[in-house]
Amino acid sequence: MEKSIQQLQSIISSYAGRLNNLTENEWLDKPDPAKWSKKEVLGHLIDSAQNNIRRFVVAQYEHQPKIIYAQDNWVASANYQNYITADLINLWQLLNKHMCIILENVPGDASQKICDAGEMRSIEWLAEDYNKHLLHHLHQLLNIEPVLYP
């Protein structure tokens, strides 16, 4: 798990400043009415962080908890499009820093405990997958080389 924690710490420090360089128009632009704006994509990453934090905690003390979420409903409910952009970036950073602390405190044997996140996965697997998902969307937001994610 140490590798996933270090990678997440690196992602936070490498990408937070880059997010601050986007203009407000870039954040608000919706390429298609049915697609998310960059603000809404960042909001999705915030929702993903919240749900994964819950998975990492609850899977340690409950037997195979089922923790899934309806991402479109979460984005719509939060109304990220009208959120203050700097607050979104700060919230994203803080949630991910919090996640690092939680992961650092998972006892070694607990990293193999299982959570139903749509599929039965270990905490360790979910942490690795979270970073892949995060990089995929951060690269979308910043219009840099794509990171494929299933």
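Numbers below:
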{"read-out": "Matching helices (runs of 4 or more DSSP H) fully within the range 1-115 where at least 1 residues are closer than 22 Å to Leu126 by Cβ", "value": "2-20, 38-61, 71-78, 85-104"}
{"read-out": "Residues that are in contact (Cβ under 8 Å) with a residue 60 or more places away in the chain and closer than 26 Å to Lys39 by Cα, drawn from the range 76-111", "value": "Thr85, Ala86, Ile89, Trp92, Gln93, Asn96, Lys97, Met99, Cys100"}
{"read-out": "Selection count where residues are farther than 18 Å from Gln7 by Cβ, open to solvent by 20 Å² or more (accessible area, probe 1.4 Å) and not small (Gly, Ala, Ser), scope the range 109-145", "value": "9"}
{"read-out": "Hits in the range 112-149 (condition: over 19 Å from Lys35 (Cβ atoms) and at pLDDT below 95)", "value": "Glu145"}
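The values are calculated or read from the model by the stated rules, or taken from the named source; none is laboratory data. What you see is a predicted model; the values in this text were computed from it and never measured. Neighbour counts run over all protein chains shown; Cβ positions are idealised from the backbone, glycine included. When the accessible area is computed, the model is the full protein with side chains, heavy atoms only, and any ligands, DNA or RNA have been set aside. Shrake-Rupley method; radii C 1.70, N 1.55, O 1.52, S 1.80 Å.
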